[in-house]
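Written out below as structure tokens is the structure these notes cover.
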Amino acid sequence: MRILLLTRSFNSLTQRLFVELRARGHEVSVEYDIADSVTEEAAALFEPDLIVAPFMKRAIPARVWRRYTCFVVHPGIVGDRGPSALDWAVAEGETEWGVTVLQAEAEMDAGPVWASRTFALREATKSSLYRHEVTEAATAAVLEAIERYASGRHVPQRIEQGAPGVRGRTRPLMKQDDRRIDWSRDTSADVLRKIRAGDGTPGVLDELFGVACHLYDAHEATPLPTRGERGPVEPGQILARYHQAILRATTDGAVWIGHVKRADVEGAFKLPVAIAFPEQVAALPVAGDGHDEIRYEEDGAVGVLHFAFYNGALSTAQCERLLAAYRAALARPTRVLVLAGGPDFFGNGIHLNVIEAAASPADESWRNINAIDDVCEAILTTTDRVTVAALQGNAGAGGAFLAATCDEVWARIGVILNPHYKNMGNLYGSEYWTYTLPRRVKGGDPRAVMSHRLPISAREAQSVGLVDAVIEDDHAGFFDEVLRRAQRLARSTSFAARIDGKRARRARDEAEKPLARYREEELAQMRRNFYGFDPSYHVARSYFVRYTPPSWTPRHLAIHRERQRLAAA
Ligand code: COA
């Protein structure tokens, strides 16, 4: 079928549907929902059999849904309507939620239902649920809806709210008033639920150090300081700092808050609290212990290094801490070291927000790429054990190439990789990709991976050689399977031979061309990106961190427009 994905942006769910639909042989094009006239034009150019709208904030124009069958993905259970479906589900502590695929009609989310799925709602941020449960449910429901549509026999069901078995109802846009934290009354659980319901966007409007700001990235403080230990503490009081987060008292304990967006500055964007409020945070006492994004665990011969950095971004400071943790892990007597990233992302490369906030973004970019390269170098020069990158969540740009420095890359089946840098203002990229890719990619030509700017599924990544094993398990089962495989690897009778081979290969490669030279060559290009006359990277980064809405769909996604251009040429 010819399927047009109409979407507000090419977000993670849209990327997943894009790869799944293409893998099933459909011809897929993408148009951003920018203006009704643009949508109409896209439909006229592509003449799709079907339009699928995975991520919309506005209604599809009537002239389009009257002419083409349009499926809208609603992140809510059957009968649920409104623009803040998932926010309400998290805020109200629902235990089961769902996704519904409806046919677009005049009233938003009210058309007949083609397919739906439900899932258990974890205690997690809205965006984590979106990236895992919602994405899995939406993918299954959209694929089923398309099959039903293709059969020509299925009649979609019209749902009446309030009918027996229909739990969903219409709920309004969730406003900041609905999200507000009452520090004098809310418990830690209340605060966590409220912040999670608005994380990644829009956050919860609150105040820190007397400045209005949106809060994100909240974690329970464990163990909760008891009233006695806390002394005379007021709920809402900021108690301490740990790395870049702050500890704030609630009525029954405290919570860590990692990220904020200041509301007093025009064009502000999300930042670690210690960067948004440097002097105020520096003046706080340092907590002896706190929520740590980096965690090491060990089971016999297998070590696992978790680095659950917010949004998968790796700042200079985070890379330095990761390198120290990696070196500490190397000092342990293990045979296999698993790099686990975080549950939502393995990594997305250098920290664009922290760079944007720096006095000199070019200098900070330079420091950051060197810091991530130091981590990559430490992995590449590890010759006494096997390293494994375990991708529980998506990996993009430098995060995908960080994974590629490991001996093995194992990915969860639903993971999406964006193994390219070009979308960020034509960055050349580093992370030793010029060394790792030719050795990994089948046929040895890195252009097979780098030249296109599209997301790929774990299976596609495996077929090009970027991933070694795809694990067909869900979010929860994936990690158990990783550990089982890592243990098997550590016990394997050929382990010693494998290590000998690895050591010999590294020595041979180093003699042929030292790792330092690969780095030097990549960084010479990156220097040009950071300091050269072409400002594309700085412009793209500024747009990215501020979510500047795009004014057109990139040509590599909108293939209907490319066709038109070729026809005209
Ligand atoms: N630095 C800082 N923040 C980043 C980031 C980075 N490198 N990569 C992603 N993020 C943030 C996004 O701003 C977004 O923030 P939000 O929660 O406030 O909305 C969040 O992570 C999720 O990213 P999003 O773009 O919504 O996820 P996606 O799954 O739709 O797309 C990517 C994934 C990797 C394609 C996309 O995030 C991307 O292009 N990231 C930049 C990668 C890059 O160029 N890195 C620098 C070169 S190494």
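The numbered conditions (1) closer than 22 Å to E20 by Cβ; (2) in contact (Cβ under 8 Å) with a residue 24 or more places away in the chain are all true for S84 except (1). Listed by first and then second residue, the pairs linking a residue in the stretch 47-62 that is basic (K, R) to a residue that is part of a loop (DSSP other than H, G, I, E, B), with Cβ atoms under 8 Å apart and 6 or more places separating them unless they lie on different chains, are K57/R8; K57/D33; K57/P83; R58/D33.
Quick one: would you say V166 is surrounded by 14 or more Cβ atoms within 10 Å (Cβ to Cβ), in contact with a Leu (Cβ under 7 Å, 6 or more places away or on another chain) and not assigned by TED's automatic domain parsing to the domain that holds L417? Considered against the rule, which asks whether it is surrounded by 14 or more Cβ atoms within 10 Å (Cβ to Cβ), in contact with a Leu (Cβ under 7 Å, 6 or more places away or on another chain) and not assigned by TED's automatic domain parsing to the domain that holds L417, V166 comes out as no.
Filtering the stretch 283-332 to residues that are under 21 Å from L483 (Cβ atoms) and of a type outside the set (A, V, I, L, M, F, W, C) leaves D292, E293, R295, Y296, E297, E298, D299, G300, G303, H306, Y326, R332.
Consider the stretch 53-75. How many of its residues are small (G, A, S) and surrounded by 24 or more Cβ atoms within 10 Å (Cβ to Cβ)? Of the residues in that region, 1 qualify.
Can you tell me which of A313, A340, A325, A329 is away from the ligand (no atom under 16 Å from the Cβ), touching a residue at least 40 places away in the same chain (Cβ under 8 Å) and in contact with a Leu (Cβ under 7 Å, 6 or more places away or on another chain)? The unique qualifying residue is A340.
Within the stretch 552-568, the set of residues being without any contact (Cβ under 8 Å) to a residue 24 or more places away in the chain and assigned to a loop (DSSP other than H, G, I, E, B) comprises just one member, R555. In the set (1) more than 28 Å from E20 (Cβ to Cβ); (2) outside the structural domain of F277 (by TED's automatic domain parsing); (3) crowded, with 17+ Cβ neighbours inside 10 Å, L192 fails one condition alone, (2). Can you find even one residue in the stretch 153-164 that is in contact with a helix residue (DSSP H, G or I) (Cβ under 7 Å, 6 or more places away or on another chain) and of a type in the set (V, I, T)? Scanning the stretch 153-164, I find no residue that is in contact with a helix residue (DSSP H, G or I) (Cβ under 7 Å, 6 or more places away or on another chain) and of a type in the set (V, I, T), so the answer is no.
Taking residues in the stretch 1-29 that are among the acidic types (D, E), and partners anywhere that are part of a helix (DSSP H, G or I), the pairs with Cβ atoms closer than 7 Å and at least 6 places apart or on different chains are E20/T139; E20/L143.
Here the condition is being within 14 Å of the ligand (Cβ to nearest atom), hydrophobic (A, V, I, L, M, F, W, C) and within 23 Å of D344 (Cβ to Cβ); of L466, L417, it holds for L417 alone. Regarding the stretch 199-206, can at least one residue be identified that is among the polar types (S, T, N, Q), within 25 Å of T95 (Cβ to Cβ) and surrounded by 18 or more Cβ atoms within 10 Å (Cβ to Cβ)? Looking through the stretch 199-206, none of the residues is among the polar types (S, T, N, Q), within 25 Å of T95 (Cβ to Cβ) and surrounded by 18 or more Cβ atoms within 10 Å (Cβ to Cβ). Among the numbered conditions (1) of a type outside the set (S, T, Y); (2) out of contact with any His (no Cβ under 9 Å at 6 or more places or on another chain); (3) within 23 Å of D33 (Cα to Cα); (4) in contact (Cβ under 8 Å) with a residue 40 or more places away in the chain, the only one that V99 does not meet is (2).
The values are calculated or read from the model by the stated rules, or taken from the named source; none is laboratory data. Being a predicted model, the structure only gives us computed values, none of them experimental. Ideal geometry is used to build each Cβ from the backbone, glycine not excepted, and the neighbour counts take in all protein chains shown.
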